[in-house]
Amino acid sequence: MSEGTTLSLDAATGTPPSILHIQVIDDLRGIITRGELAEGKRVPEAALCERLGVSRTPLREALKVLAAEGFVELRPNRGAVVVPIDSDAVAALFELKGAIEYMIGLKLPERITPAERAHIEAIQRRLVECQKRADASGYTLENHNFHAALAAGIRNDAVVQTYSTLQRKILRARLAINEDPSQLARSVDEHEGILTMLRAGAARDLAFRLEKHNRRTGEAILAQLRAKRA
């Protein structure tokens with residue numbers, strides 16, 4: 001840092017604002033995604049500031065980002081309110097994600113490295129172990145990692161960023177339901193089929209399997225969400 005240059009720090013933490021901003025966004029998004037804040041209820045700013053060890057300013061800046069992502073709604077004189085999970089909105093997310101999955105399948109075989117493929121294979125082994133233990137929460141998180149790794153392998157930053165945003169929103173819906181053990185078993189089998197096509201370099205078959213896997217997963221999640229709301 002050059003002489004005379006100053007770096008402002010958050011009064012509560014002493015952390016540079018840019019780093020703090022990302023950290024608070026990630027922490028707050030995780031809290032909402034895990035369902036720790038009730039849908040339709042006001043975000044308890046004072047309690048969250050104490051929990052995260054930050055002042056009001058970085059928390060409110062994080063809430064603006066999460067409002068743009070659809071996790072909260074900023075209301076005049078009421079602060080931020082947690083947006084309820086809407087099954088129609090989730091259906092739209094899966095529809096868009098299906099198109100991206102197909103594109104990933106077409107591009108991945110020619111772009112993925114051996115190291116990246118080995119990483120995905122390792123995630124699949126962990127998924128199998130989660131399925132055997134009926135560890136639904138662990139499976140959901142590893143499944144998130146599996147698909148994120150597939151997307152990263154095509155080396156298209158615009159696609160990866162869009163896909164990541166969709167996945168974060170869908171993860172919230174996934175954690176709000178109880179995964180059926182039979183669904184976990186089916187998911188493992190579908191992943192094996194996806195990996196078989198990836199190993200073979202069969203781009204069109206891989207694209208088809210990824211899109212179908214996305215569609216069937218969406219149908220299962222939406223059925224449970226709508227049953228909960230009924």
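Given +1 at the Cβ of Lys and Arg, -1 at the Cβ of Asp and Glu and no other charges, the dipole of the range 34-81 around its Cα centre is 140 debye to the nearest 20. The angle separating the long axis of helix 114-132 from the principal Cα axis of greatest extent in the chain is about 90 degrees. Here Rg and Dmax of the Cα atoms in Å was computed from the coordinates, and among [x] 17.1, 56; [y] 19.8, 64; [z] 16.5, 49 the match is [y].
For the ranges 142-148, 20-26, what's the packing order if you count other beta-carbon atoms within 10 Å of each residue, average per peptide, and put the highest first?
Working: 142-148: 19.7, 20-26: 18.0.
The packing order, highest mean first, is 142-148, 20-26.
Dipole size of the chain about its Cα centre, with +1 on Lys/Arg Cβ and -1 on Asp/Glu Cβ: approximately 420 debye, rounded to the nearest 20. Spin-label model, Asn77/Glu45: points 7 Å from Cα along the beta carbon direction are separated by 1.5 nm.
With r as the distance between the Cβ atoms of Arg216 and Glu116 and R0 = 25 Å, compute the FRET efficiency 1/(1 + (r/R0)^6) and round to 0.05.
Working: r = 25 Å, r/R0 = 1.00.
Computed FRET efficiency for Glu116 and Arg216 comes out at 0.50.
Sorting the segments 96-104, 188-196 by their residues' average number of neighbouring beta-carbon atoms within 10 angstrom, most packed first, yields 96-104, 188-196. Between helix 136-152 and the chain there is an angle of about 80 degrees, using the helix long axis and the longest principal axis of the Cα atoms.
Taking the chain as the region of interest, the number of lysine pairs whose Cα atoms are within less than 18 Å, with members eight or more places apart or on different chains, is 6. Think of each Lys and Arg Cβ as +1 and each Asp and Glu Cβ as -1; about the Cα centre, that makes the dipole of the range 154-230 roughly 340 debye. Here the gap between Ala185 and Arg34, fully extended at 0.36 nm per residue and compared with their Cα-Cα distance, gives a gain of 52.1 nm. What the Cβ-Cβ distance of Thr165 and Ala91 gives, at R0 = 25 Å and to the nearest 0.05, is a FRET efficiency of 0.90. Taking the longest Cα principal axis of the chain as reference, the axis of helix 203-229 is set at about 60 degrees.
Which value in deg cm²/dmol, rounded to the nearest 500, describes the helix-derived mean residue ellipticity at 222 nm for the chain, given -39,500 (n - 2.57) per DSSP H run of n ≥ 4 and division by the residue count? Before the final figure, lay out the partial values.
Details: 9 runs with 166 residues, N = 230.
Result for the chain, helices only: -24500 deg cm²/dmol.
Quick note: the coordinates plus some simple rules give every number you see, no bench work behind them. Because the structure is predicted, anything quoted here is derived from the model rather than measured. No Cβ is skipped: glycine too gets one built from the backbone with ideal geometry, and neighbour counts run over all protein chains shown.
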